[in-house]
Structure formats: C-alpha cells, structure tokens
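Participant: Sending over a structure as structure tokens; questions will come in a sec.
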4 protein chains.
Amino acid sequence: MTDVIAFLGLGKMGEPMARRLLEAGLPLTVYNRTAEKTAALVAAGATTADTPAEAVSAGGVVFTMVANDAALEEVTLGDHGFLNRLGEGGVHISLSTIGVKTATHMGNIHAKAGAAYLCAPVFGRPPAAAAGQLGVAISGDPAAKARIRPLLEPLSRRVDDFGDAPGAANLVKLAGNFMIGSAIEALAEACALVEKGGVDREAFVDLLSNTLFDCPVYKIYGDGIAQSVYQPAGMRLVLGLKDIGLVLDAAHGIGVAMPLGSLVRDRLIRAVTGGHGEDDWMAADVAAREDAGLTS
Amino acid sequence: MTDVIAFLGLGKMGEPMARRLLEAGLPLTVYNRTAEKTAALVAAGATTADTPAEAVSAGGVVFTMVANDAALEEVTLGDHGFLNRLGEGGVHISLSTIGVKTATHMGNIHAKAGAAYLCAPVFGRPPAAAAGQLGVAISGDPAAKARIRPLLEPLSRRVDDFGDAPGAANLVKLAGNFMIGSAIEALAEACALVEKGGVDREAFVDLLSNTLFDCPVYKIYGDGIAQSVYQPAGMRLVLGLKDIGLVLDAAHGIGVAMPLGSLVRDRLIRAVTGGHGEDDWMAADVAAREDAGLTS
Amino acid sequence: MTDVIAFLGLGKMGEPMARRLLEAGLPLTVYNRTAEKTAALVAAGATTADTPAEAVSAGGVVFTMVANDAALEEVTLGDHGFLNRLGEGGVHISLSTIGVKTATHMGNIHAKAGAAYLCAPVFGRPPAAAAGQLGVAISGDPAAKARIRPLLEPLSRRVDDFGDAPGAANLVKLAGNFMIGSAIEALAEACALVEKGGVDREAFVDLLSNTLFDCPVYKIYGDGIAQSVYQPAGMRLVLGLKDIGLVLDAAHGIGVAMPLGSLVRDRLIRAVTGGHGEDDWMAADVAAREDAGLTS
Amino acid sequence: MTDVIAFLGLGKMGEPMARRLLEAGLPLTVYNRTAEKTAALVAAGATTADTPAEAVSAGGVVFTMVANDAALEEVTLGDHGFLNRLGEGGVHISLSTIGVKTATHMGNIHAKAGAAYLCAPVFGRPPAAAAGQLGVAISGDPAAKARIRPLLEPLSRRVDDFGDAPGAANLVKLAGNFMIGSAIEALAEACALVEKGGVDREAFVDLLSNTLFDCPVYKIYGDGIAQSVYQPAGMRLVLGLKDIGLVLDAAHGIGVAMPLGSLVRDRLIRAVTGGHGEDDWMAADVAAREDAGLTS
C-alpha cells in the first residue's frame, strides 16, 4: 500500500481529510479546481496535479470530495477526468453526497472501465474531519473495500458497511441528512412556541440537548437556533436544500412519500427566498420565527 | 422538612418516583384510584389514604402524577379533592403533562386557596424514574420552589427553573414531547426510505444513533422503529396523541403555527385508526411503512 | 302558520335573510345584541324585542344567526335566553356555523325542553342572502322540519335534507367551509407560481374561473387573490380560522386526519400573525406570496 | 391556409381533436406511434404517415399531443423527428403538458431551425375535445400565433394568450392541473369527514357541486369521489403524478414553495403504492379513506 493516493476536492471537509491522510504518512497527490487551496497541503508534503487525470495513477486509489453531482461527473468523466487513466484495478472512493441515480450511473461506468466505485459518504462536520472522528458509511465491491479499508483509519472513528450496491451508502447519507433537516425544523418550531409562550429559548434548548437529546445534532443546531445565529455556515443552506432535493428524488423514484421531507424542503426554499441561502441551513428557523410573528 | 408528603397517582412513572422518595427516608402517604397499586409501596413503608383529601396535610406538600387534565382536576377539586384540606401554605407539585389552560387555571385556583401550584413535569421514561435520573422542569412561586427543592434530589439528575409563571414548565414539557414526536416521524420516514432502497434499517439506525444522534430519544425509538416493534408501550400512543393535541392547542392559542406538529398529529390519528392506540407512540411508524408499501 | 316568527342576530347574513322573510309577508320580531341594527327592519315592518326571550312565543319558531358557539348558547340558555319561553312544541332553526359538540348539546337540551333544534346552516354570501338564493342544509326532527319548510322558501334556491341527527347539517356546513379554505390555498399557491414565472395572475385566474372552475367560489376568491385585494371582508379571516378549527376538532374527535385542513389552519394563523385577521379570509394568500418572495 | 396540417399523437385527447380539424374541412396528415389508432381518422379522410418527419411539410404546421417530455423530444428531434423537415417558417403547436425546462429548450431549438414553437396546452377532458369546447392557453411568437389562430376555432370555445415566452402557457397548464389535484384532495378529505360523521357523502357532494362549487372539476371528480369509483380514467393517476412533479419542479426551480402541491404529490405516490396507478387520479381519494379508517 505504498502507492500514491489521489485526493480531489479540498473544500471545508476535503482539506482536513486530506491532511489526516498526509499526517498518517501516506503519499498524497491533491487537486482542487481553484489551485490556491492546495498550498497548505503542499507545505505539509503533498504533491499537486494540474488536472484530475494527472492526479491519479493507473490501477491506483482516488478519493473525491466535491460539491455536487455535476462536479463529480466533471472530475471523473470530463475532458480532464481521471477514469480513463485510473482504469483496470483502480478504486474510486466517492465521499460526496450525491443523487442515487448518479451513484448508480457511476457504479456502471466504473465497472465498464474495470475500476471499482465505492460510495463512502461521511457523517460529521469540519472539526470531526480534522480530528479523524468521522463516521463513514461505505458500499460497493467487497475486494475494493478490503483493499482501501486501512486508508479510512486516519479519517474515522467508525466505518459501517452497507453491502455491495454502490448506491447504498449514499442513500444512508441522504437519509441521515434528512434526519438532520427534520431536527432543525423540530427545534425551530419548539423554540418559536416556547419563546412566544414566555419561556427563554436558550434555557429550553439547554435542558433538552442535555437530557433526551444529548447528541451532536441537537447541541450544534440547538445552540444556533436558540440564539438565532446562523453563522458560520458548517453546511450552507443552498447545499442543504440540494441534499433534501436528492433525498426526495430518491424517495419518489422508488415510491416512498416523505411528508416531513417535503415540509423541510418548503421551509428551506422559503429561507432562500428570504435571503438566507449562504447561512447555515439551520436558518430554516426563520420560517418558524415568522410564522409565530417573532422579530429577529 | 419532616412533614409527611403525599404522592397521588402511581402509574408507570409515579410508582418508581414515590419509591425513590421512600428510599430517601421521606415519610410518604400514597393514593391511587385503583388501590391495589399501593401494596408494594406500603410494603416498603408508605402509608395509604382512601381519598386524595385524606392523603394531604394542611400546609403540607403533595405530588401528583396523573393521566390527564381531567384526572388532575378530579384529585384536586373533586368531591374528595385535596385542595381545601391542603390550604394556606401548602404546595402542590404537579408532575403530569397537562394543557396550558389547565395549568393557568390551577395556578389561579391554588392562589385563591393560599396554596402554591408548581408545574414540575419530568423528562425521562420509567427506568430513569427508577434510577432517580429524571430531568425536571419547574416553574411557579419562588418561595414554594425553594421549600420543596430538596425533595427533587432523590428523583432527578437535573432541575431546570423556568421562572414564576405556573404554566411555563408545562409548556417546556409539551414542547419537548413535540420534539420526541418529531424524531419518531423522522426516524420512521428515513427507515422507510432506506428499507425500500435496499438498505438494512437496523444497520442504518445503529449508525445514526451512535454518531450524530447518539442520545436517548434516538436510541430508544430508533431501536423500536428499526425493528417495527412497538411494545412495551413506554408511552401509549393515545397519550402521545393527547399530548400533541395539547401542544397544538397551546401554540394556536398564542398564534404559533406548527406544521410539523400538525403532521405528527395526523400520523398519530392514522395510527389510532389503524388499531395502534395501545402501542407505544412510535407506532406512528406504521404510517410511513404504509406510505412506502412496506409490509410488516 | 300565522304565528309571529323570531329572528335573532342581524349581521351581514342575518339582516338580509330577515328582510327576505318580511318581504314575503311573514310577521317578524327581530333582536340584535346591538339594537341599532334593527332600525331598518323595523322601518320595513318588523317588531323588535329587548331580549331573546321576549322575541319568541311559546311553541313558536325562532331563527338564530349568530357569530359563534358562545353567542348561540347565550341567546338560547343565558339569563335572557329564549329556550324556557319557547318550550314545548317550539322550533329553533339554527343558521349559524358552530361546533359539532355544541350542535349535539343543543339538540339534547332542546329535546329536554320539548322543543326541536334544527341545524340549518346556509351556503352563500351576503348578496345571495339578499336575493333569496342561498343553499340550505338542514337536519333534525322530521315533524319540525316539515312545519318550518315553507319559511325557507323566501331564503333559498335549494334545501338539502341530511336526516334526523341535529348535528349532521352543521357538519356538512363545516366540511363546505373547509373546501372553500382549500380552494383559497390552491388559488394562492397557483397564483404565486405563475406570477413568479412571469405570467399575469389575473389572466390566469380569468381563464381558470371561466372554464374548469367556473363557479362562485373560484370567481369570488379568484378575483380577490389575483388582485391581492382582501377587502371587503365577506368572511373575516378570524372567523374563517375559527371555522377551520371547528372542522378539525370535529374530524379529530371521530378519528379523521385532514392534512389539507391542517395546512389551511397554519396558513390562516400565519395571516393573523401578519395582521390580516380583519381582512377577508382569502388573505391567507399572503403566506403563498411571502413564500415566493413576492412583494405586495 | 390550404396547406396540409400534421397531427402527431392520437390518444384520448389527440384523436377527437384531430377529428374536429378534419370535420372542419382541413386537410390532415396523422401519425401515431401505434399505427392502428389512425384507421378511424383515415376512414374520415385523413392521410397517414409512417414517421413524424414524413407527416410534416416544409414551412408547414404541425400539432403534437403526446404523453410526456421524452415523447415530445422523440417526435421532434429523434431519428425520424420532424424538426429538420419542418424548418424555416414552420410552426409547431405543442398541445401536451410538459416541463418548463423542456418547453424552454424546445423554444430555443425551434428558433435555431427558423421555426416557431407555440405552447398551446388545453383545458378539458375527452368529451370537451370531441365537442370542440376546450379552453386553450397559448404563448410564443406573435406572427406564428396569428397564422395558426383559425386552426384553433374547431377545437375550442376560448383561447387565452399568455404572451411571447414559449413556456408561459405551459406553466399556466401546470398550475391548472395543480388546482385540479388540490380540488381532488379537498373533496376526498371532506367526504371522509362527513361519511365518518354519519352523513351521506353523495348527498354532500351533490349540494356543494350544485351551489358554491357548481363547475366541471367539482362535478366530475365530486361524483367519482362521492361514489369511490375511479374508473374510467380520464386522466391516469401515474400521469397526474407526473404532472404534479412537473409543477413542483417548475416551482422549486424559481424559488416558490407549494406546500399544498407537496401534499398532493405525497397522496398520489401513496395511491400508486397502493395499486391505483392506472385508475383516474381522483383515486388519491384512497389516502383520505384510509386515514379515516373507512373501508371501500
């Protein structure tokens, strides 16, 4: 396992993950669409490449962590995409949250090229990435999973295997994001109720997020919603809206109605319309505030 | 503080709470509408009373933990109700989850009688009650709160004070129950999605409830929903539906729209119609299962 | 049938209905809580009474058209209520939209007094009342219905009999109001969509309300919503909200989930919070406008 | 205007529309994917073509009435598509209900070919088509609209012009279908309420659809829903679901939240899951019936 590993996409999550791999002593070639983001990693020992294709080696391993389905298709299959070069025996570990159709399509196209496509979306925000404490859901070809398993050690505190279907882990990730969006809506409505009823919303959230809801989602989003402070944006609202759209597309495509998912989407659309697209997606809170006539 | 304390209502939550007080060495008189439930506590040292009124002492302290607003009014104000006897200087610690209007009305009527009405709803299920690990939200008259504060020690791991308004703590409790109902719906829809998408729902919940949602609500309800096993009923569905009704009445009464609350109620109504009224309220899950065409 | 008929409640609907009865040559005694509203009818030949009780004759016929359940109970059973005087053989034709529980209670209490309680809510707005073109839904005791049937002629173009249960016709009325509220929401969302998509909303409504939706509800509310003009208030929004609350109480009381009803209520609450309580209830439109980021 | 006119797509709506054109004395060439559907029209004087391309003449006029976006792209741009042959000066009158993106794309691609693309979706069901009593919403190039205006006479009782943007009329059609879906849901919930409350649902609908809701949508769907008879399928449920999907895609694409639209979609998904995909889309009624515990 002394091959050079490629890591494509150095955003808020990708950068600290690449750094963890470097710090674990793994040889790493990095690529990012805007090249200046590679500087710090190069200073830490990484090599850079000018294109996705140049970053990978034949039969090697490549991680991708990009913004959306289109970006994934571009780095993989575009003019400078890596798949042709990766080729027979290569493994693509796709960390991004994407649509189910794209995941299935990716699986097929890699298979034709003799490569393996593994969905490996992660659970956790940037600080967890920096600490190597992510949760990883993975699915895809068993041999490829076995081969790259050690590479996940520096990144995660837990790896859950969801079987051989390339899209399975991605569906798990989408369902998890739906659950976060639902928790945001529940917190927002509950806070609007207690505040209008004369109760301090911070005290309310403090009690709940230290008893029945004593977990990261309710602590992180609970704090922000209790204070109605939606920055910094760990997850930008427009991206949250995109993900909920992917969830609902996946659900509707297999005949599953998700009324709570629909509600979450409608609240996020309203928040974008209200100018909160670049805030954290807990800014869906503004809808509940407005409905209750609370001024921020 | 050597007065005899009265405890009225020995259901799934009341019984272990009364036992904790006894075990802490406090003299206790207990009352329950169906008298046989008092036997075990009597064996452990409690005294019994034939009526609510006979259980209390003038100017003393009484806990109530009953099923609903009507039961609370009955034990307090009914033919054998205790309020007249409790009278001047007495303190009523109301642990039940009730409507906001009833809480306000109770506050007024106790004030007229010279007694204090404290709302002190609890967070936690029967095992937490048995272990003295409940969360308590409390509100009402400051002097009364100070007086009874030591009595909450054997019951709780945390007491949060929500001020002087008698109904405030009750509103907090209602909002908390709304959040639980919302988490149930989120779990149900997410599980329906992943199962129909070919993913093992138990593996999905195991991942989520040990990472982002690593807290009691998601563990307890996550297990049941993942397995679609809705017994034993820690909280009967008909009672959950009643509570969500109280939440929405409270919200609508002060001009707060709660669309997620409305969704949760509609799912619970549907589950009652489908014959799940006596199951745990996580049986709201059946609606999501049916919508996805999953057979149980 | 030469008895004097009593008519209690001379609001926007009651006044033109009373006038129709007068113009049909029927002897009429009228009563209104604020007495000045009786002047025009007195000029047209009506007698007035100082109290509800004085307006009725023993064994006679009394119409009531009042604002809500409490007002109905007041004129019927209050200090100056008419039921004791009406007594054996009397018929109470209740035109108001009230709750199902109140209707049932009224039926029982009249039966005890030897009188008949007929629910006879009307469909139509003030101009239809003035033209004697209302639709009437009626239910209750068959003999009483037969006796008062001729009195409905001057008021209506259609009388539909829903059987012997006093509350049945009232449920029909509530369900009809739910359908109107739903049509308002549909118009509001459709108009927001087409306007933001660059289409003239008035032209859109003009097409729809003259083809597939060529009926009074879509013409009346379609015009107002297309122009976002919510005055005059044929039905005040706070009353619309009250009625939808009665619908949902009735539904939930018998185990019927109505998600569209819940949505309509949430939109109306939001409109009240936004200051539109005294506008016509089509002002629910503001929620759809806001969601789409349309400025009025 | 003695050019031969092409008509492509002879389904439940297309066939009677083509027949109206023939009966008006217009020379017509017809094409249908399954050729046997052309026989009756040939007997009535039409010519047939083996492919879409062969059906049109250079610079001529072509009507299309096909099932969905993909079918429209196939007949227009596929291997045997007509656009190349239609070419400069040709006019394509697109009667189908399609997505907003497809409509815009079609507009652009026709413009490049020197032809005009007119959206002209119709309002009405097969009997209205057969009677030439459809409503037509039209938008697109003014000169092209003027040229083909006389051809709409035999088809419609009303033509509404929504301006120059090719997609505008299509958006109007989508919004109209949303309104129909909403009316179905309102009828279904209202009927479930009254039936469970002991009222005859047919009598209820008869009253409403002859007074406040005295219009085609409430008569047609009201009858079916009152009787819970969902055949014959004037509009198949799977197609209704597709259309509501197009509505929501259009809305979400321009930042408009439509919670009632989301509700209607969820009910339709559930009805498909329950086996009603080939029934008329008023079979969304089954969700309301199930929610109320009514057996069919």
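The values are calculated or read from the model by the stated rules, or taken from the named source; none is laboratory data. Not measured: the values here are computed from a predicted model. So basically every Cβ, Gly included, is an ideal-geometry build from the backbone, and we count neighbours across all protein chains shown. The protein model used for the area step is the full one, side chains on, heavy atoms only, and it has no ligands, DNA or RNA in it. Shrake-Rupley method; radii C 1.70, N 1.55, O 1.52, S 1.80 Å.
Quick grid of which residues meet (1) assigned to a strand (DSSP E or B); (2) under 23 Å from the mean Cα position of the chain (by Cα); (3) under 19 Å from C:Ser156 (Cβ atoms):
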{"site": "C:Asp3", "(1), (2), (3)": "no, no, no"}
{"site": "C:Lys12", "(1), (2), (3)": "no, yes, yes"}
{"site": "C:Met17", "(1), (2), (3)": "no, yes, yes"}
{"site": "C:Val30", "(1), (2), (3)": "yes, yes, no"}
{"site": "C:Glu54", "(1), (2), (3)": "no, no, no"}
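Participant: Here's a follow-up. Determine which single condition A:Ile93 fails, assuming it passes every other condition in (1) on the phi < 0 side of the Ramachandran plot; (2) without any contact (Cβ under 8 Å) to a residue 40 or more places away in the chain; (3) in contact with a Cys (Cβ under 9 Å, 6 or more places away or on another chain).
Facilitator: Unmet for A:Ile93, out of (1) on the phi < 0 side of the Ramachandran plot; (2) without any contact (Cβ under 8 Å) to a residue 40 or more places away in the chain; (3) in contact with a Cys (Cβ under 9 Å, 6 or more places away or on another chain): (2).
Participant: Kindly indicate the residue of region C:77-100 that is open to solvent by 20 Å² or more (accessible area, probe 1.4 Å) and outside any loop (DSSP other than H, G, I, E, B) and also modelled with the lowest pLDDT among those meeting that condition.
Facilitator: Per the criteria, the residue is C:Val100.
Participant: Sticking with this one: Residues D:Ala192, D:Ala188, D:Ala143: which one is modelled with pLDDT of 95 or more, crowded, with 24+ Cβ neighbours inside 10 Å and more than 7 Å from every other protein chain (Cβ to nearest Cβ)?
Facilitator: Of D:Ala192, D:Ala188, D:Ala143, the one residue that is modelled with pLDDT of 95 or more, crowded, with 24+ Cβ neighbours inside 10 Å and more than 7 Å from every other protein chain (Cβ to nearest Cβ) is D:Ala188.
Participant: So, one more: Of the residues in region D:23-46, how many are open to solvent by less than 30 Å² (accessible area, probe 1.4 Å) and charged (D, E, K, R)?
Facilitator: Going through region D:23-46 one residue at a time, the tally reaches 0.
Participant: Among the candidates B:Val75, B:Val100, which residue alone is β-branched (Val, Ile, Thr) and either within 14 Å of chain A (Cβ to nearest Cβ) or closer than 30 Å to B:Tyr221 by Cα (or both)?
Facilitator: Matching residue, one of B:Val75, B:Val100: B:Val100.
Participant: So which residues in region C:242-260 are touching a residue at least 24 places away in the same chain (Cβ under 8 Å) and either over 29 Å from D:Leu294 (Cβ atoms) or within 9 Å of chain B (Cβ to nearest Cβ) (or both), if there are any at all?
Facilitator: C:Met258
Participant: Would a scan of region A:159-167 turn up a residue that is assigned to a helix (DSSP H, G or I) and either more than 7 Å from chain B (Cβ to nearest Cβ) or under 17 Å from the mean Cα position of the chain (by Cα) (or both)?
Facilitator: No: region A:159-167 contains no residue that is assigned to a helix (DSSP H, G or I) and either more than 7 Å from chain B (Cβ to nearest Cβ) or under 17 Å from the mean Cα position of the chain (by Cα) (or both).
Participant: Also: Can you tell me how many residues in region B:60-70 are in a loop (DSSP other than H, G, I, E, B) and open to solvent by 20 Å² or more (accessible area, probe 1.4 Å)?
Facilitator: Result for region B:60-70: 4.
To keep it simple, each residue is scored yes or no on (1) polar (S, T, N, Q); (2) in contact with a helix residue (DSSP H, G or I) (Cβ under 7 Å, 6 or more places away or on another chain); (3) at pLDDT 95 or above.
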| position | (1), (2), (3) |
| --- | --- |
| B:Lys12 | no, yes, no |
| B:Pro16 | no, yes, yes |
| B:Ala40 | no, no, no |
| B:Ala53 | no, yes, yes |
| B:Val62 | no, yes, yes |
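Participant: Would you mind stating whether B:Val217 is of a type in the set (A, V, I, L, M, F, W, C), out of contact with any Gly (no Cβ under 6 Å at 6 or more places or on another chain), within 30 Å of A:Val122 (Cα to Cα) and away from chain A (no Cβ under 13 Å)?
Facilitator: No, not satisfied.
Participant: Now for a separate question. Would you say B:Ala49 is in contact (Cβ under 8 Å) with a residue 60 or more places away in the chain and either open to solvent by less than 20 Å² (accessible area, probe 1.4 Å) or of a type outside the set (Phe, Trp, Tyr) (or both)?
Facilitator: no
Participant: Looking at region B:224-233, is at least one residue out of contact with any strand residue (DSSP E or B) (no Cβ under 7 Å at 6 or more places or on another chain), more than 10 Å from chain A (Cβ to nearest Cβ) and closer than 25 Å to C:Gly261 by Cβ?
Facilitator: no
Participant: Follow-up question, since we're still on this one. Taking the residues in region B:269-291 that are open to solvent by less than 30 Å² (accessible area, probe 1.4 Å) and facing another protein chain (nearest Cβ under 9 Å) as candidates, determine which candidate is nearest to A:Glu185 (Cα to Cα).
Facilitator: Restricting to residues being open to solvent by less than 30 Å² (accessible area, probe 1.4 Å) and facing another protein chain (nearest Cβ under 9 Å), the top hit is B:Ala288.
Participant: For region C:164-182, enumerate the residues that are in contact (Cβ under 8 Å) with a residue 60 or more places away in the chain and open to solvent by 20 Å² or more (accessible area, probe 1.4 Å).
Facilitator: The answer is C:Pro166, C:Lys173.
Participant: Here is a further query. When only residues in region C:204-241 that are free of Cβ contacts under 8 Å to residues at least 12 places away in the same chain and of a type in the set (S, T, N, Q) count, which is surrounded by the most Cβ atoms within 10 Å (Cβ to Cβ)?
Facilitator: Residue satisfying both the conditions and the ranking: C:Thr211.
Participant: Any chance region C:269-286 includes a residue that's in contact with a Lys or Arg (Cβ under 9 Å, 6 or more places away or on another chain) and among the aliphatic types (A, V, I, L, M)?
Facilitator: Yes, region C:269-286 contains at least one residue that is in contact with a Lys or Arg (Cβ under 9 Å, 6 or more places away or on another chain) and among the aliphatic types (A, V, I, L, M).
Participant: Check whether at least one residue in region B:4-19 is under 16 Å from B:Ile93 (Cα atoms), in contact with a Gly (Cβ under 7 Å, 6 or more places away or on another chain) and among the charged types (D, E, K, R), and report yes or no.
Facilitator: No, because not a single residue in region B:4-19 is under 16 Å from B:Ile93 (Cα atoms), in contact with a Gly (Cβ under 7 Å, 6 or more places away or on another chain) and among the charged types (D, E, K, R).
Residue-by-condition table, conditions (1) over 18 Å from A:Ala175 (Cα atoms); (2) assigned to a loop (DSSP other than H, G, I, E, B):
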{"residue": "A:Leu72", "(1), (2)": "yes, no"}
{"residue": "A:Val75", "(1), (2)": "yes, no"}
{"residue": "A:Thr102", "(1), (2)": "no, no"}
{"residue": "A:Ile109", "(1), (2)": "yes, no"}
{"residue": "A:Gly114", "(1), (2)": "yes, yes"}
{"residue": "A:Gly132", "(1), (2)": "yes, yes"}
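Participant: Could you go through region C:152-163 and let me know if any residue there is more than 28 Å from D:Ala257 (Cα to Cα) and open to solvent by less than 10 Å² (accessible area, probe 1.4 Å).
Facilitator: yes
Participant: Here is a further query. Which one of the conditions (1) over 20 Å from the mean Cα position of the chain (by Cα); (2) closer than 15 Å to C:Tyr117 by Cα does C:Met65 fail to meet, given that it meets all the rest?
Facilitator: Failing condition for C:Met65: (1).
Participant: Let me ask something additional. Of the residues in region B:245-268, how many are more than 16 Å from C:Leu263 (Cα to Cα) and open to solvent by less than 30 Å² (accessible area, probe 1.4 Å)?
Facilitator: 4
Participant: Next question, about the same structure. Does any residue of region C:40-47 turn out to be in contact with an Asp or Glu (Cβ under 9 Å, 6 or more places away or on another chain) and part of a helix (DSSP H, G or I)?
Facilitator: yes
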